[in-house]
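Structure, as structure tokens:
All of the numbers you see were taken from the coordinates with simple rules; none came from a lab. As the structure is a prediction and not an experimental result, all values here were calculated from the model. Because the Cβ atoms are built from the backbone with ideal geometry, glycine has one as well, and the counts that use them run over all protein chains shown.
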């Protein structure tokens, strides 16, 4: 994805996790965890074997979205059929048969609808390769007080211009329910809302699966219907980065994430895996793990 979204879904996530009883050292930083071995160790191989003993849930949607993809054909082979793109017609046209584009036109803070946005949506409205538009990545109402109004104007224009066929999508990483409430679909008019708690971290090396349930329930109570939520699957870590906080899940851990989401949000319009390739705030990622790729392929085909 573009530089403007290189840190997609990560900007507010540490704060999101820390709100749930994270141990904190006197310095105010997360308490230092035990070292995490990311090599192919005996424990990693054991975790991979253990993953095969847990029943894998059925996929809850037929649309599977992935970002930061440089090789769409490789992503398609795993079962991803909604691919992150920019606004370039050439990039959209180059997607393999059977896949569609989620066009990034967003910002952290949604801006007023303008002529460039209208022109883009008019140009792409009849394009069957376009699934929808990613309008905003983790907006916060305190920083973006007019954000909900701007999103509503854009979502309404997409709906009207495409005849309701193309979707509008935002992702929320909110630590307090008023943030979810401010950007609920009744106000923003968006088609889908990504909820992105990432449970595997140095604070929770065995993964805090309860965080998923906690955020889903917060969002639902704040007015985001579960049928409009987009489950977000963690397929990245930060073990190769100096600011390491998130851990790349093992196959066992990712299977539990998939199963937890399937139970909590049984009928989403789409699911979302973050992410395929490396970014400034995510390394390693799905591209580095054969075990995770094999698991997601089995899940999508299950």
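Rounded, prolate or oblate: pick one for segment 155-302, where a ≥ b ≥ c are the square roots of the eigenvalues of its C-alpha gyration tensor, a/c under 1.5 means rounded, and failing that, prolate if a/b is larger than b/c, else oblate.
prolate
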When a footprinting reagent is the concern and you count Cβ atoms within 10 Å, what order do 288, 196 take, fewest first?
-> 288, 196
Order of 200, 207, 109 under a 10 Å beta carbon neighbour criterion, fewest first | 109, 207, 200
Classify segment 73-219 as rounded, prolate or oblate, taking a ≥ b ≥ c as the square roots of the eigenvalues of its Cα gyration tensor: rounded when a/c is under 1.5, otherwise prolate if a/b is larger than b/c and oblate if not.
-> oblate
